[in-house]
Amino acid sequence: MRTLTDLDQSPRSSEDATRRRYQGDEPLARDTVNNRGGAGSARPHESAVKHVTGRAAYIDDLATPANTLHVMVGQSPVAHGRITRMDLEKVRAFPGVVDVVSLADVPGHTDIGPVFGGDPIFAHDEISYAGQNLFAVAADSYKAARQAVKAAIVEIDEQPASLDPVAAAEREEFVRPTHVHERGDWQAALDGALHVLEGTQFVGGQEHFYLEGQACLVEPTEDEGVVVHTSNQHPSETQKLVAEVLDIPFHAVTVSNRRMGGGFGGKETQASPWACIAALFARRTGRAAKVRLPRADDTRGTGKRHPFHNAYKLGFDERGVLSGGDIDVIGDCGYSPDLSEAVVDRAMFHADNAYSLGSARVTGKRAKTHTASNTAFRGFGGPQGVMIIERAMDDIARYVGEDPLTVRKRNLYREADPDGTPRNVTHYGQRVEQISLLHDVISQLEDSSDYWNRRREITRFNAQSPIIKRGLALTPVKFGISFTAQHLNQAGALLHVYTDGSVMINHGGTEMGQGLHTKICQVVARELGLDLEQVRITATRTDKVPNTSPTAASSGADLNGMAARDAASKLRDRLFEFAAAHFDVEGGGLDRETMRMEHGELVSGYGEDEQRVAWGELVQAAYIGRVSLSEKGFYATPLIHYDRATGRGRPFYYYAHGAAVSEVEVDTLSGEYRVSRVDILHDVGDSLNPAIDMGQVEGGFIQGMGWMTSEELKWNDAGQLTTVGPSTYNIPAFGDLPETFNVKLMEGHPNSQASIYRSKAVGEPPFMLGISVWSALRDALASMADYRFCPVLDTPATPERVLMVAEQLRQAKRSRYNDNVRPGHEPA
Amino acid sequence: MIDFYLNGKRQRLTNVSVDTSILELVRQQLGQTGTKEGCASGDCGACTVAIGEPDANGTINYQSANSCITPAHQLNGCHLVTVEGLADDAHLHPAQAAMVECHGSQCGFCTPGIVMSLFTLYEEQNQRPAPLTQQRLESALGGNLCRCTGYRPIRDAALTMQDYPKATPDWAANAALGTDVAVLAKDVSDTGRQSDATGYAMPRNIAALRELKAKRPGARLVAGGTDLWLETTQQVRDIVDIIDVRRVAELTEVEEVNEGWWIGASVSLSALMPLLAEHYPAFEHLMHRFASSQIRNRATLGGNIANASPIGDTPPTLLALDARLRLDGPRGSRELALEDFFLDYKNTALEDDEFIAAIFLPRPAADHNLKVWKLSKRREDDISAVLGAFAWRLENGVMRDVRLAFGGMAAIPRRVPATEAALEGSRPDAAAFAHARAALAKELTPMADMRGSAEYRTLAAGNLLERLRLMIDAESRSASNDTQANNDNNFATKVTLDAYAH
């Protein structure tokens, strides 16, 4: 007979003592909204203690069977060519090697492209980028596998590599067809405009540089299948691809992920190849197989943020207000489609950022080049689209002789122009709903950052300082939330309550540091009125919640939070039904209408009629009463739709907003610069967890700043990436944190849509706040031209790029052509 | 055998191959996976550990190190502290507690390394309390990359951890540990105990080193290992024959003489910094931007020279300071001007059986000036694109003893004699500097690589000369006007950013 654990009946209140107002620079400390740890409170990351003690396990930390194989891949040194000979005999013969595979050894699908195909698991004939997988080796040790790879004899008929996406676009070499958004008569808008400006820009790519590199551990099962432990944002897709590669049913593959050491989009599609390869070895040898890519192999082999070449031609009036125009964005997609269709779409969807373009055409091209296939990265093309309109705002402001902030404010989405023309609809037909929020964010930040006084001070400083120049810029963010592929906007959750009252929640989202699991636990705790400590989350597994979407598009908490809430509320209602009939039978049962969960107790009635049942008692009674203590939840985002044929729709459930003011100080002799002060105000609706959201805002900003400044990808003429590790690829370091960093979450604006507790997605939108640093650098450089124009500054704006622009401006001034030469401007 | 303490417990490990790193040792052989590998090249800091070595009083001083590129055999006689060793069951170390409460971890992968860097800072604060200036914080944390948080909460943790209740792990409560480690260190040293992996030799004095060099001229010399170890972690080469010079007594000393200092080749960069701070503050300031604390704690001055990289940071600076080398070997010792040491790309005057014994740093004259400027994409933890080192004296208004050297501008770090000649004996005026700049353009042949184009390097190097002119000009004016140069109130003379100025 099953016996039930004795319960401590007193409601728990332990965490109040341990929770302290967290310390830090004002105004970061926030009191919690709900001190019991439910949604809305600033609870630490669910794994924080495990992180700081080293007990949090990542893939390479998992205990492995003694005979586990170590897998390494052989990568192409050549960017483009044909394999004329691949002799792997010496690899096979290398001491410690157990097995070697190449394309011919794959029993099932050999194309592991995530959406459209085009990604061979191993190159067979044609080589499409330097770093492409040619074969793989499994050995008894990591070192043996690495050394064995070098013994391969590979002869390649090398052909010229196509590395220029603009030239590729001219030749119409695309990985996917060109797509257009068009609204109104953009040509007439240009023809009728008082002023027209045009310009082009290059926006560099970005390496994810997740601290934990690509890794997986695959164990064979007693059936024909495998269990895959993988550092992975999209377990369901990996399940599908592994099954297809092995030619076995999906139910034979279980994919599990407890946490990632960073993802940022780099483990959405890029984590699958390694799982497929390790699975091949696991099935062939009957031994567990582990892949852990060395940093350089990882950086060479996996896709990055798409570099973009953008162009604009825009018409505007004497106040700098846009009437319309034409914007072109060309994404450098690398050799295959991967996610590039949606990435370039998102660049197009964000080519307006927060501004009403007027009558506009936006064209997105997907150029094919011989590099790794570029992929998802926080913002997913959105930031690259935002760059072109922010460039235009600065250009236009200088052209009409206004401060860039003034011109930005004039162009913000608004209900209508004075003449009644509506200005609240995007170029793809979605109405911008929270217009007052957008304007509030900017005006509050304008005040709190003291923008105009600092502007005057900076202008005065620059007039007197010949070498050091300061710059200031405010840039806004309006970021669309939802997967633009409608079907991905769904999520599932699985909730178990055990008879000691402890709760386990599982859902389809993955934890990569963003605090998703913490938020989900908080949602469940809030729905069930429990302390957070009573709710535990487990690894994301395809055998618990199936057919999940990637944890991407900032949607993790929106989708999975709603699914978890669905499960918890259904279970709660069932317990309420049970309790109404079960308790206080003599008194006629508990009042169902007023029933609620509070502080670990079921409560019904008010005042003198109030009755309470402790959670544990309720759960045990329900168990004895044969009521199910398990529930699943599901959620599908309502309202959204997008018609690709017309380029029209409402692809986004809502927009998240924010703005940043950055100040920089530039040494125009050396190109060195410092970001001296940053003020941020960011909209997360009603925050699910202010501490976690603050972390996303700050971390997103710094990552965006890195993209704009020091993070430079360089390929040589042969198409080999030369920045393959942290000694050559520079993400921001500790000292790049601005000395003054005032970050606030916007208050008083709950989400206008019925999202989880009216919160908003926060993963990606703050990334674009980093663009303010680039705009501030341009502002500083513009001072060298007496603010008559805004010089072109491609990104990343490394000290080299800044110096070269400064030197150009200095030469222009010296050569007295300065009245005629306006670098970066081609008045049309 | 490697005989050491790990988190307070004695470890005696046999059969550890010569090229094993500390990271491989703890993760693979000891199964302690808290310490992470992020890059295996000493750049990201995820693998940071603290290595404790006893001082004369038996107090253990802990220094951070990148375990991914530190030879495991160097643990002999040390106390290694890893992230597993900080908390006892119930209580987090203050560095850990502060990280939790400040929300300093997101994905958590860099966190063990950050915690260890905070731990060494905490220990330092306990032993030698000092204000946590921005420079100190950068020094403590500049070698730990975090991709998630943006560092603000980590800064908060660093600033507040000292306020947390003291919580010490079991080993720290063991008062005898310092003595135990000291006894072990002495024992290891006295017995000259060498690894049972026969390829790893650890000579204790220069005579033994000479003998080994004669016997094993092909053996690789290792001191910090911060560059050599990349051959195993990045190029996957086997290193089977090593002579470790880190504990050669004569090589770890700094000898002061009238004319200056003989700095033993195995003196770590960290250990050198106080001396530089006193006599060459510009050089010391540069060292804050030399890699990271983790690297500076292990890397040595001799190693940075012998490495002969065209983009090493100390060689151009030492060239400008007229440094000399003492080379040694079984055939005796000889002295050589540093500028005669670098022959061609990665090619030096060092014979196969020789090693660098010491570097002579001349004592600065009272009117000696030195400026060192490093240009890189990132201010911290980055490698130079261009480094310019400028030394001169002003005598009756003209420049004397002008010595200018550059890194990143040729296949070797080198002086620029024609440029020097253009300034030598001249007033530091625009005309002289225009000549100098023209000469500079002719005598440098910078490379183009991922750190910068040749065009940028040429322009930047020339502009550093212009910065030098402006700074001399500003300083002479401030001397005559008695106003502070290069400060916020004097826009016209501010020619560098504060964070870079020195």
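The values are calculated or read from the model by the stated rules, or taken from the named source; none is laboratory data. Just so you know, these numbers come straight off a predicted model, no measurement behind them. Here the Cβ is made from the backbone with ideal geometry for all residues, glycine too, and neighbour counts use every protein chain on show.
Among the candidates A:464, A:490, A:522, single out the residue that is under 18 Å from the mean Cα position of the chain (by Cα) and either away from chain B (no Cβ under 14 Å) or farther than 15 Å from residue A:630 by Cα (or both).
Just a single option satisfies the conditions, and that option is A:490.
Using beta carbons and a limit of 9 Å, which pairs, at least six apart or on different chains, have the first residue in the stretch B:39-67 and within 14 Å of chain A (Cβ to nearest Cβ) and of a type in the set (S, T, N, Q) and the second one surrounded by fewer than 20 Cβ atoms within 10 Å (Cβ to Cβ) and part of a loop (DSSP other than H, G, I, E, B)?
From the stretch B:39-67, the pairs are B:41/B:234.
Residues are listed down the side, and each one gets a yes or a no for (1) surrounded by fewer than 22 Cβ atoms within 10 Å (Cβ to Cβ); (2) more than 27 Å from the chain's Cα centre (by Cα); (3) on the phi > 0 side of the Ramachandran plot:
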position	(1), (2), (3)
B:26	no, no, no
B:29	yes, yes, no
B:43	no, no, no
B:49	no, no, no
B:61	yes, no, no
B:73	no, no, no
B:85	no, no, no
B:90	yes, yes, no
B:117	no, no, no
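Do any residues in the stretch A:741-761 that are within 14 Å of chain B (Cβ to nearest Cβ) have Cβ atoms under 9 Å from those of residues that are modelled with pLDDT of 95 or more and surrounded by fewer than 17 Cβ atoms within 10 Å (Cβ to Cβ), where the two are at least six apart or on different chains, and which pairs are they?
Within 9 Å, the pairs are A:742/A:448; A:744/A:444; A:744/A:448.
Do you know which of the residues in the stretch A:129-159 that are of a type outside the set (A, V, I, L, M, F, W, C) and closer than 16 Å to residue A:84 by Cβ is nearest to the chain's Cα centre (by Cα)?
Of everything passing the filter in the stretch A:129-159, A:132 is nearest to the chain's Cα centre (by Cα).
Would the stretch A:335-342 turn up any residue that is farther than 26 Å from residue A:708 by Cα, at pLDDT 95 or above and assigned to a helix (DSSP H, G or I)?
no
So, of the residues in the stretch A:702-726 that are closer than 22 Å to residue B:144 by Cβ and out of contact with any Leu (no Cβ under 9 Å at 6 or more places or on another chain), which turns out to be farthest from the other protein chains (Cβ to nearest Cβ)?
Among them, the one singled out is A:707.
Looking at the stretch A:410-441, which of the residues that are assigned to a helix (DSSP H, G or I) and charged (D, E, K, R) is nearest to residue A:181 (Cα to Cα)?
To start, the set of residues in the stretch A:410-441 that are assigned to a helix (DSSP H, G or I) comprises A:410-411, A:435-441.
Going one step further and asking which of them are charged (D, E, K, R), we end up with A:410, A:440.
Numbers: A:410: 23, A:440: 29 Å.
Selected residue: A:410.
Name the single residue that is nearest to the other protein chains (Cβ to nearest Cβ) among those in the stretch A:795-821 being modelled with pLDDT of 95 or more and in a loop (DSSP other than H, G, I, E, B).
A:798
For residues in the stretch B:1-15 being surrounded by fewer than 22 Cβ atoms within 10 Å (Cβ to Cβ) and under 27 Å from the mean Cα position of the chain (by Cα), which is farthest from residue B:65 (Cα to Cα)?
B:3
Can you find a residue that is assigned to a helix (DSSP H, G or I), in contact with an Asp or Glu (Cβ under 6 Å, 6 or more places away or on another chain) and modelled with pLDDT under 95 anywhere in the stretch B:117-137?
no
Residue by residue, here is whether (1) buried (at least 18 other Cβ atoms within 10 Å of the Cβ); (2) modelled with pLDDT under 95; (3) of a type in the set (Asp, Glu) holds:
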position	(1), (2), (3)
B:195	yes, yes, no
B:202	yes, yes, no
B:210	yes, no, no
B:220	no, no, no
B:229	yes, no, no
B:240	no, yes, no
B:243	yes, no, no
B:253	no, no, yes
B:260	yes, no, no
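What are the residues in the stretch A:673-685 that are surrounded by fewer than 24 Cβ atoms within 10 Å (Cβ to Cβ) and within 10 Å of chain B (Cβ to nearest Cβ), if any?
Selection gives A:674, A:676.
Please verify whether the stretch B:34-41 includes one or more residues that are at pLDDT 95 or above, in contact with a Gly (Cβ under 8 Å, 6 or more places away or on another chain), under 24 Å from residue B:289 (Cα atoms) and in a helix (DSSP H, G or I).
For the stretch B:34-41, residues at pLDDT 95 or above, in contact with a Gly (Cβ under 8 Å, 6 or more places away or on another chain), under 24 Å from residue B:289 (Cα atoms) and in a helix (DSSP H, G or I): absent.
List the helices (runs of 4 or more DSSP H) that sit entirely inside the stretch B:226-310 and contain at least 1 residues that are over 26 Å from residue B:333 (Cα atoms).
Ranges flagged: B:230-233, B:269-279, B:281-288, B:293-296.
Within the bounds of the stretch A:613-635, is there any residue that is touching a strand residue (DSSP E or B) at 6+ places or on another chain (Cβ under 8 Å), in a loop (DSSP other than H, G, I, E, B) and not hydrophobic (A, V, I, L, M, F, W, C)?
No; the residues of the stretch A:613-635 include none that is touching a strand residue (DSSP E or B) at 6+ places or on another chain (Cβ under 8 Å), in a loop (DSSP other than H, G, I, E, B) and not hydrophobic (A, V, I, L, M, F, W, C).
Looking at (1) charged (D, E, K, R); (2) in contact with an Asp or Glu (Cβ under 7 Å, 6 or more places away or on another chain); (3) within 30 Å of residue A:776 (Cα to Cα), can you tell me which one residue A:683 breaks?
(2) is the only condition that residue A:683 fails.
Does residue A:722 satisfy the condition of being in contact (Cβ under 8 Å) with a residue 12 or more places away in the chain, over 30 Å from residue A:491 (Cα atoms) and either among the basic types (Lys, Arg) or surrounded by fewer than 24 Cβ atoms within 10 Å (Cβ to Cβ) (or both)?
no
Step by step: first the residues of the stretch B:132-158, then only those that are more than 8 Å from chain A (Cβ to nearest Cβ) and surrounded by fewer than 20 Cβ atoms within 10 Å (Cβ to Cβ), then the one that is nearest to residue A:675 (Cα to Cα). Which residue is that?
Step by step, filter the stretch B:132-158, then rank; the result is B:135.
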